[in-house]
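Worksheet for the structure shown next.
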Amino acid sequence: MTAQPTAIAGDVQALAPWQSYICHACGYIYNEAEGDPDSGLAAGTRFADIPEDWACPLCGVTKSDFELYEAPSLDALRAQASGCAPAMTSAARQTPGVVIVGAGRAGWQLAETLRALDAEVPITIVTACAGDLYDKPLLSVAMARQIEPEKLIKEAGTEAARRLNVRLLPQTLAIRICKETRQLRTTRGTLRYDQLVLAHGAKAALPPALPAALCWRINHLGAYLQLRAALGDAATTGPKDVLIVGAGLIGSELANDLALGGHRITLLDVQPEPLARWHADQAGARVLQAWKDLPIRFVGEVKVSSVERLALDAERLWKPLPEGMARAGLSTRLRITTECGQHFAADEVIVATGLQTPSRLAQSAGLAWADGISVDPHTLRTSDDRIHAMGDCITLGGQASRFIEPIARQAKTIAAAITACEPVPYETRTAVVRVKTTSMPLTLH
Ligand code: FE
């Protein structure tokens with residue numbers, strides 16, 4: 001907890017406890033004690049004193065989209081829940097209740113929204129990771145903001161599970177859905193469900209030519225922490241050469257952040273400029289301008305055809321790694337080759353060429369599929385009555401919706417349907433994208 005403000009005689013406001021405000025769109029929490037030095041708000045800046053044109057540092061919405069925030073306790077949620085008469089309450093403890101697959105922002109948001117509507121319904125979360133809560137957008141600005149990797153965890157999964165009275169099954173893979181018997185098979189046994197919600201997100205895609213073992217894919221905290229450990233601290237162990245394949249949003253933000261962290265970046269893309277999707281906004285030109293003093297080299301119109309780990313001999317010539325031999329005594333590097341025959345050398349390779357929804361689980365239940373789990377655009381129900389889906393794994397009319405802002409609204413729609421409360425139809429909105437290239441943030445539509 002942060003310290004209370006020092007009392008200043010006669011200054012009543014300074015005596016009030018610091019408060020936090022949450023962004024409705026992305027969940028960013030503005031803490032008055034810490035301020036937001038990146039956008040010019042010194043520590044100790046009261047929310048009321050923030051200029052009206054200030055934008056959320058994570059998602060770009062304005063001050064009016066923030067509200068006072070306190071992490072809800074189970075008691076608070078219970079009190080809130082009394083307003084709604086949930087369909088499941090009477091025999092709730094005997095029913096399997098709701099099973100949620102995924103403990104990212106979507107899974108936890110749904111658990112919290114459900115708990116606010118129904119204090120009793122059993123909720124189980126199945127997740128392949130530890131289930132810790134964190135803000136994914138921070139992964140691409142953590143170095144520039146000097147956030148220690150371990151500080152990225154906002155709340156441990158086990159803590160959140162206790163707070164929300166949720167059964168959390170961490171390090172557990174969901175394998176198959178049997179919709180006839182309403183069962184989910186997992187690596188820790190079979191779970192029954194009344195309602196199943198798929199919130200397992202998407203995975204970073206890997207172009208077929210690239211070996212998974214040599215390429216980082218950063219789409220969750222676990223992989224990010226491993227990457228940070230591999231890179232080390234540029235100031236103490238020296239800068240690393242990092243090659244990033246893909247100069248879309250994530251690739252560009254990571255390039256920016258790792259460069260500000262002192263590493264040397266080569267950024268490749270098949271397009272002639274970064275952020276090519278926003279060519280009309282001149283995003284590429286603007287971002288290259290912002291990078292002119294950073295160690296980022298952008299190379300456009302190239303396609304990577306291979307990544308290999310090779311040894312470098314004393315003359316700095318590439319040599320194949322001797323079979324079965326330890327790397328001791330030989331310096332090894334990654335050699336990246338493009339289709340046009342260019343070579344690059346790097347210590348680490350990160351692939352950021354887009355996301356893909358894993359299909360196996362949804363297809364085990366024969367759910368309608370359109371490049372993602374196809375859901376009804378108003379109810380977010382899949383082709384099965386008892387299964388909803390939300391977040392990065394869904395498509396609406398064939399379109400993926402991989403933004404943070406819709407998640408809270410999706411959770412409201414699904415939680416209302418599951419608890420048989422007044423329906424809350426979901427509404428598709430155009431996303432506003434904030435490119436967090438700290439040196440010059442861009443807002444794109
Ligand atoms: Fe926000």
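The values are calculated or read from the model by the stated rules, or taken from the named source; none is laboratory data. Bear in mind that the values here come from a model prediction, so they are computed numbers and not experimental data. Cβ placement follows ideal geometry from the backbone for every residue including glycine, while neighbour counts extend to all protein chains displayed.
Among the criteria (1) β-branched (Val, Ile, Thr); (2) over 25 Å from residue 107 (Cβ atoms); (3) in contact with a Phe, Trp or Tyr (Cβ under 8 Å, 6 or more places away or on another chain), the one residue 332 does not fulfil is (3). Somewhere in region 113-125, is a residue in contact (Cβ under 8 Å) with a residue 40 or more places away in the chain, under 26 Å from residue 38 (Cβ atoms) and of a type in the set (Val, Ile, Thr)? Looking for residues that are in contact (Cβ under 8 Å) with a residue 40 or more places away in the chain, under 26 Å from residue 38 (Cβ atoms) and of a type in the set (Val, Ile, Thr), one finds none in region 113-125, hence no.
Restricting region 23-61 to residues that are within 13 Å of the ligand (Cβ to nearest atom) and outside any loop (DSSP other than H, G, I, E, B), the residue that is nearest to residue 392 (Cα to Cα) is 23. Within region 418-445, which residues are modelled with pLDDT of 85 or more and surrounded by fewer than 19 Cβ atoms within 10 Å (Cβ to Cβ)? Hits for region 418-445 are 420, 421, 422, 423, 424, 425, 427, 428.
Name, by its number, the condition in (1) touching an Asp or Glu at 6+ places or on another chain (Cβ under 8 Å); (2) surrounded by fewer than 19 Cβ atoms within 10 Å (Cβ to Cβ) that does not hold for residue 97. Residue 97 satisfies all of (1) touching an Asp or Glu at 6+ places or on another chain (Cβ under 8 Å); (2) surrounded by fewer than 19 Cβ atoms within 10 Å (Cβ to Cβ) except (2). Per this entry, residue 389 is counted among residues that are among the aliphatic types (A, V, I, L, M), under 23 Å from the mean Cα position of the chain (by Cα) and either at pLDDT below 95 or more than 16 Å from the ligand (Cβ to nearest atom) (or both).
Against the list (1) under 30 Å from residue 287 (Cα atoms); (2) surrounded by fewer than 18 Cβ atoms within 10 Å (Cβ to Cβ); (3) at pLDDT 95 or above; (4) aliphatic (A, V, I, L, M), the condition residue 368 fails is (1). Take the conditions (1) at pLDDT 80 or above; (2) closer than 30 Å to residue 202 by Cβ; (3) not in a loop (DSSP other than H, G, I, E, B); residue 64 misses just one of them, which is (2).
Residues that are in contact (Cβ under 8 Å) with a residue 60 or more places away in the chain and under 20 Å from the mean Cα position of the chain (by Cα) number at least 2 in the following strands (runs of 3 or more DSSP E) confined to region 215-305: 241-245.
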